[in-house]
Amino acid sequence: MSSLADQRVLVLDFGSQLAQLIARRVREQHVYCEIVRHDITADRLRELEPMGIILSGGPNSVYEPGAPQCDPELFELGIPVLGICYGMQLACQALGGEVKNVPSREYGRAHCLVEDDSDLFAGVRRDTEVWMSHGDQVTAIDEDFTVLAHTSTCPYAAVRHKRRPVYGLQFHPEVTHTVEGKTLLANFVREVCKCEGTWRLGDFAEETINRIREQVGSDRVICGLSGGVDSSVVAALLARAIGPQLSCILVDNGLLRKDEERAVVEEFSTHFKTDLHVVKGEDRFLAQLAGIVDPQEKRRRIGHEFINCFKEEADKIEDAKYLAQGTLYPDVIESGASADGPADTIKLHHNVGGLPEELGFDLIEPLRDLFKDEVRQLGLQLGLPEEIVWRHPFPGPGLAVRCLGEVTRDKLEMLREADAIVVGEIKAAGLYRSTSQAFAVLLPVQSVGVMGDSRTYDNAVCVRCVNTDDFMTADWSHLPHDLLSRISTRIINEVKGVNRVVYDISSKPPATIEWE
Ligand code: XMP
């Protein structure tokens, strides 16, 4: 539990993939927020003294055997509670409401009519659009509850307990599809919980730098560098804190984008004057990936080989005691490493877990409490150039998860060229900053084409480009048709072995950003 904030709100995680998003939305209000297990005890909550508690949604039905419950005593603590979807159903059930399965699962936008705008709905329009995603809903409440809002299918879309500071929302205020969700969450944390909203990233940077100095003393720290914003910000923090005691290692796993290794080395030597080691690991990684098609197995093997390469290089650096990593808060939660919550692990993030014991270093993870956009802000505050700070994220397993099926040198070469065209054209069109992630995916599909007079039977490339604030939900980018057309023509003309280009028009959820 971070000691960085006196005033905090806790999210109890009932298995919702949106729990992180709730935490992030709360932090946008300058209120520190962390995610904890759903079964945290009331005694522990008393110790932690949160200003507010949010019960997340979850995939279960409250009546299912084994459905995650919370300590019912938490409603007695006098701490404001906001239940969202499943969290609302639990709160209402605990305090005298009835929850039933509705005949058809409700999923999508709904018109919500506000009946009481005195606190939670203050400043919200009378008729506002919200996002529903539920099977069960509260079907009856006793007289202790007041209805704050309803929809045509949901009479209790929002409720408040009359004697306790307990609120429930059947819809999801944390997703952007709920148009005034931000206002609702702001009202909860600022007006209901009375948080002052004083949490600032600048304080975080100074505190973190001081803490690193105290922790490290005169020892040496090793930092893995990938060229991405996370590891660059970690390196910048460390360079600021302990400069000459820092050694960085870049593992070229052969799965990087075109010219990436060269660019990282160049940028690195311009911005940081510390010791840099580059490991050329392409052959080893490709050997590990030969014949492997399962995405999780690819990730596992890449993670494993990464550790091997890293360890060999690290062993050469004498007197190194610490290892710094750019682990972010979503990685911590998604891998179940800290909150140990019930959320399904959707993708295995290889940068979490196992490393410290195997390498024998003490771990420094200065970004462990931050979300991605907070890391970018921090990078700018630390004086990193915009080119690094705004670089689109690139997954640790690199092009391997964009080369569907078995990864081979030839396929990687095709993908690398196609990817460079996608990114290059988007940059040339001035759309790199306004899109969040753009890349090519090599599909495991061959199709018929004609080139000149001959029939071809070649590969298909998919262009993926998304817009997102948080990478937990995302919309496909509505790129101009002439840009898509240029990308397609160039890929087909310039990348040998590709005769078809498609554009991915799926949003997240239900699709993910990467294809594997
Ligand atoms: P998805 O595909 O889950 O991706 O919608 C969300 C964001 O996470 C990145 N991503 C990864 N990053 N290791 C990483 O370091 C991984 O295994 C990994 N998988 C996905 C993805 O690029 C996107 O920005």
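With viscosity 1.002 mPa s and temperature 20 °C, the Kirkwood radius over alpha carbon pairs of segment 408-503 converts through Stokes-Einstein to a diffusion coefficient of 154 µm²/s. Dividing the convex hull volume of the alpha carbon atoms of segment 291-336 by its residue count gives 89 Å³ per residue. Structural size metrics of segment 1-65, computed from C-alpha coordinates, are Rg and Dmax of 12.2, 38 Å. Derived value for segment 201-389: Kirkwood hydrodynamic radius 17.2 Å. Basis is the mean of 1/r over every pair of different alpha-carbon atoms. Averaged per residue, the chain has 42 square angstrom of accessible surface, using a 1.4 angstrom probe with ligands and nucleic acids left out. Loop sites here are trypsin sites (Lys or Arg not before Pro) outside DSSP states H, G, I, E and B with no more than 14 other Cβ atoms within 10 Å. The longest part of the chain free of them is 1-124.
Rounded to the nearest 20 debye, the dipole magnitude of segment 201-389 is 240 debye, with +1 charges on Lys and Arg beta carbons, -1 on Asp and Glu beta carbons, and the Cα centre as origin.
Roll a 1.4 angstrom probe over the protein heavy atoms and tell me the percent of accessible area of the chain that is carbon or sulfur. Whole-percent figure for carbon plus sulfur exposure: 49. Taking a point 7 Å from the Cα of ASP116 along the Cα-to-Cβ direction, the residues of segment 68-82 with backbone N closer than 20 Å to it are 75-82. Quick check on segment 8-192: take the gyration tensor over C-alpha atoms, sort the square-rooted eigenvalues as a ≥ b ≥ c, and tell me if it's rounded (a/c under 1.5), prolate or oblate. Rounded is the answer for segment 8-192, as its axis ratio a/c remains below 1.5. Can you return the lysines within cross-link range of LYS321? Criterion is Cα-Cα under 24 Å, with same-chain partners fewer than 8 residues away left out. The reachable lysines, counting only those whose Cα sits under 24 Å from LYS321, are LYS273, LYS280, LYS311. Per the Cα gyration tensor, the chain maps to an equivalent ellipsoid with semi-axes of 42, 30, 20 Å, ordered largest to smallest. Seen through its C-alpha gyration tensor, with square-root eigenvalues sorted a ≥ b ≥ c, segment 25-120 comes out oblate because a/c lies at 1.5 or above while a/b is not bigger than b/c.
Hey, if you drop one equal point scatterer on each alpha-carbon of segment 200-273 and run the Debye formula without solvent, what base-10 log of I(q)/I(0) do you get at q = 0.13, 0.18, 0.21, 0.23 Å⁻¹? Rounded to two decimals, the profile gives -0.42, -0.74, -0.92, -1.04. Kirkwood analysis of the Cα pair distances in segment 55-99 returns a hydrodynamic radius of 10.7 Å.
The values are calculated or read from the model by the stated rules, or taken from the named source; none is laboratory data. These numbers come from a predicted model, not from an experiment. Please note: Cβ atoms are built from the backbone with ideal geometry, for glycine as well, and neighbour counts cover all protein chains shown. The accessibility values were calculated without ligands, DNA or RNA, using every heavy atom of the protein model including side chains. Shrake-Rupley method; radii C 1.70, N 1.55, O 1.52, S 1.80 Å.
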